[in-house]
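Some notes on the structure that comes next.
Derivation of every value follows stated rules applied to the coordinates shown; laboratory data play no part. Note that the structure is a prediction, hence the values are computed from the model and not measured. All Cβ positions, even for glycine, are placed from backbone atoms using ideal geometry, and neighbour counts span all protein chains on display.
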Amino acid sequence: MPETPKKFYLTTPIYYVNARPHIGHAYSTIAADVIARRHRLLGDDTFFLTGTDEHGQKVQRSAEAAGIPPQQFADEVSATFQNLWKRMGITNDDYIRTTDPRHKRGVQHLWKVLEARGAIYLSSYTGQYCVSEEMFVDGPPGTIGPDGKPTETVTEENYFFKLSEYQLPLINLIESGELHIQPETSKNEILSFLRGNVNEVMAVASQYAGDFHEEVGKLSEEELLKFALDSDELALSNAKIPYVPGALRDLSISRTTFDWGIPVPGNPKHVIYVWLDALANYITAVGYGAEDRDDLTPEQKQTELAKFEKYWPADLHLVGKEITRFHCVYWPAFLMAARLRLPKSVVANGWLLFEESKMSKSRGNVVRTETILDAFGNEVYAKQFPESTKAERDLFAADVLRYFLLREIPFGQDGSFSFDALITRYNADLANGFGNLVSRVLTMIQKYFDGVIPCPPPESTVESNVRFEYSDEDEEIEVFEPGTTEVGNLTEMLRKVFDPFFDRADFSQLLTFTDAIIRNTDGYITKRAPWKVASTDDRDQLSEILYASAAAVRIVTGLLYPFLPSATSKVWAQLGLGDIEVAAAEGRIRNLEWRGLEPGTKLGPLAPIFPRADKGLAQIMTDMENPATPPAPEPADDPSAPTAEALNAANPATAATSTDHLPLTTDHSPLITIDDFAKVDLRVAQIVVAERIPKADKLLRLEVDLGPNFPRRQILAGIAEHYAPEALIGRKVVIVANLAPRKMRGLESQGMIVAASLGDHGRPSLAGFLEDVELGARLK
Ligand code: MSP
């Protein structure tokens, strides 16, 4: 009987729809896609889920600012995510949206189960609420929230989840490894959050102990712990694991201050807390709560419930490091309370940094994935293959980004992104490395063997042509040049190392390894110089060298398949092995035996795989991100944030100060003609994003909407001391739309907001309208 395949269920975080996708989002999705492809080729029944997180106040406010209903707003942004994943060839098996009716039903089902189990109660709460993170934070009014903005005081009648009951169960769950958390730093962070401030209690214990034991310094940690546990005054738990009882407090899980969410069953004044709603996507997507769905027939309900039985629990939740607490504390506690099984593993990725800070919409330092797809697709691939389709270009470019992100940054750590680094890595590892090796080997087989894989002599020891060393201790893989150190053979190596490294998501180490195989095979070819052997009669030797090289190419192509699905499919076809997706599905790239390459295989048509990228591409990508980079040089250093006046100085229309020879107006400004005035393009715009800029006290970063005929633009305004960013959102203002852009604090300002300048200190007061005016209308 054929074995039932093992199931493997993995998820990405579901992305908020208040921001358009950038490469930070693509990072998690790419990593998940690589893992999903790997599991499929291992024969696992793999289910890969991604989606969008669409409820909550943040989304509601963004929709209001955009002047459209939240559902329409969510539809539009969710579609951009879905289209992007399609362009990139992401192989998710489902896409869940928290506004899907199936999800809403599932969440309400979960709520009812939690309520029936006594895990929820109603109470009231006053606290400091951070809107953009959708969470209460500790502190007095005006506390700066995790998003760097002042919190809002919110009093609410709330439903609470009895999270405090799960402190010890959660500590045990994580300590025992039953819930695996990676990296170790995330695990420790979660554990110390769960334990409460054990160190503080131990410090107090040490003080108390001093009253009893003269030589307190001599007490071991164990003795101190015993002392703390025995003492009535110290609140350490008596369990094997020290923790501060009560440190984990109950969690507010409903909101009444806005309505863009899933209504609480039986009390629709409340909407369900967005994180309870969002986390539940992992179960609703695979059928949880289907019994409550009236859109399904009884059979369909059964199918959905069977799907849940089959795939849940998740084998892996991939998440960003900033959201591990939600996944390792709240989520398992909700599941325990609902008596559902728990996920097996939570693996966190680090942050992509751009200009040293986390790439994020609020910082305005994002790199869009589309920029990389368009630049590599059009400037590199299409130049080599002008007849190629857009889909081929996209998939080529997606491979470039996949490889870069996973090779360059050790997974779990933060890493910097730059266009220069992307191009350098592409040229080094893909154009000069993998691509060059493939073309070198296959061209010689074409030339010397009429495009047919030669048969190596039977005594040939091709397997030992690539050697490796691996030590468990330092977990380093080294691949040696042929014939230097004999440690083991490649096939053994794959079994011993590749799988465990994959299981640990150690992608950068795996790609270092594949790169080493590529370089060694190159070195082997150079050393054996087949072109010289070809001029002799020694066909056996020539067969040996070229078979060994082609076999290495096949192995490395199979290993790289999850990372470079598009490029490896071309190499596979050039090797004459057909469709790599079929090979993967049939398990033919599961065990890459050295002799697995059949002599006599006819190569497919040859073509370059990775055309070289020109260094100038970095500038092209920079320009794509900032379409109107000004020709004027950026001020060398801009220590103090410019005021509104400083911004005005950038305006040629107001910068003229030499007035001696002109008649003056009452305001000492030079007279201008109507034509001069006509040069200034004043437009009505609406502020849709307003936020502070770190370390710039006076500057606000604004994004303004100019209606459907013009793109949205970013403006930096020196008004932070006079306007709270929240108060500006939705306000209609006048902007100078044709002001030459300039950069401040690394951000580009693409215009100026018109304001009256009041009092001695020039307090700005923004110009506006009493009537409702159309966005983009010109002022004349
Ligand atoms: N909606 C929540 C997740 C709910 S999951 C039940 C959320 N969304 S998010 O859109 O803000 O972020 C989703 C994920 O995007 C992050 O966890 C992270 O994996 C990824 N990234 C967003 N910006 C990033 C970087 N600059 N760098 C790396 N990844 C980052 O949180």
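In table form, for the structure just shown:
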| read-out | value |
| --- | --- |
| Cα centroid separation, the range 59-96 to the range 707-721 (Å) | 23 Å |
| Net lengthening on full extension, GLU175/ASP94 (0.36 nm per residue, minus Cα-Cα) | 25.9 nm |
| Residue-by-residue Karplus 3J(HN,Hα) for the range 326-342, coefficients 6.51, -1.76, 1.60, Hz, glycine and proline x | 4, 7, 9, 10, 5, 4, x, 5, 4, 5, 4, 5, 8, 6, 10, 6, 9 |
| Measure of compaction for the range 703-780 (Cα Rg per 2.2 N^0.38 Å) | 1.13 |
| Cut-off under 5 Å, modelled amide H: who pairs with GLY145 long-range | THR151 |
| The range 241-254 - phi-based ³J(HN,Hα) in whole Hz, Karplus 6.51/-1.76/1.60, Gly and Pro as x | 9, x, 7, 8, x, x, 5, 9, 9, 4, 10, 6, 10, 8 |
| HN-Hα J in Hz across the range 185-201 - Karplus 6.51, -1.76, 1.60, θ = phi - 60°, x for Gly and Pro | 4, 5, 4, 5, 4, 5, 5, 6, 4, 5, 6, x, 7, 4, 4, 4, 5 |
| Nearest-0.05 FRET efficiency for ILE674 and THR143, computed from C-beta distance (R0 45 Å) | 0.30 |
| Under 20 Å from the Cα of LYS6 - lysines, other chains or at least 8 residues apart | LYS307, LYS310, LYS344 |
| Sites ASP45 and SER192, calculated FRET efficiency, Cβ-Cβ separation with R0 60 Å, nearest 0.05 | 0.95 |
| Eligible lysines near LYS226 by straight Cα distance, threshold 26 Å, same-chain separation 8 or greater | LYS187, LYS218, LYS240 |
| Value of [θ]222 nm, deg cm²/dmol, for the chain, DSSP H segments ≥ 4, -39500 (n - 2.57) each, nearest 500 | -11000 deg cm²/dmol |
| Under 17 Å from LYS58, Cα to Cα: lysines that are on another chain or at least 8 residues apart | LYS149, LYS361 |
| Alpha-carbon centroid distance for the pair the range 495-542 / the range 386-402, whole angstrom | 26 Å |
| Distance between the range 295-342 and the range 743-767 - C-alpha centres, whole angstrom | 50 Å |
| Positive-pole candidate from LEU716, ALA348, TYR121, dipole of the chain, charges at beta carbon | LEU716 |
| Reduced Cα scattering model of the range 254-332, Debye log10 I(q)/I(0), q = 0.17 Å⁻¹ | -0.84 |
| Nonlocal amide H pairs with VAL689, under 5 Å, H built at 1.01 Å | GLU703 |
| Gain on full stretching of the segment that runs from ASP292 to LYS6 - 0.36 nm per residue minus C-alpha separation | 100.1 nm |
| Neighbourhood net charge (13 Å Cβ-Cβ; Lys/Arg +1, Asp/Glu -1) for PRO454 | -2 |
| Relative intensity, log₁₀ I(q)/I(0), of the chain from a Debye sum that treats every alpha carbon as a point, q = 0.08, 0.09 Å⁻¹ | -0.83, -1.00 |
| Relative packing of peptides 57-67, 541-551 - highest average C-beta neighbours within 10 Å first | 541-551, 57-67 |
| Order by protection proxy (mean Cβ within 10 Å, highest first), peptides 284-292, 296-304 | 284-292, 296-304 |
| Share, in percent, of DSSP beta bridges within the chain that are antiparallel, nearest 5 | 70 percent |
| Modelled FRET efficiency - R0 45 Å, ALA421 with ASP697, Cβ distances, 0.05 increments | 0.85 |
| Built amide H within the under 5 Å cut-off of MET744, gap 5+ | SER749 |
| Per-selection metrics, the range 92-229 (Cα): Rg and Dmax in Å | 21.2, 67 |
| ARG712-GLU157 pseudo-label distance in nm [points 7 Å out on the Cα-to-Cβ vector] | 3.7 nm |
| Residue-count net charge about LYS104 - beta-carbon cut-off 14 Å; Lys, Arg +1, Asp, Glu -1 | -3 |
| Global size of the range 391-461 as Cα Rg and Dmax, reported in angstrom | 17.5, 50 |
| Where labels lie 7 Å past Cα in the beta-carbon direction, separation of ASN83 and THR443 in nm | 4.0 nm |
| Considering only the range 315-438, percent of DSSP beta bridges that pair antiparallel, nearest 5 | 25 percent |
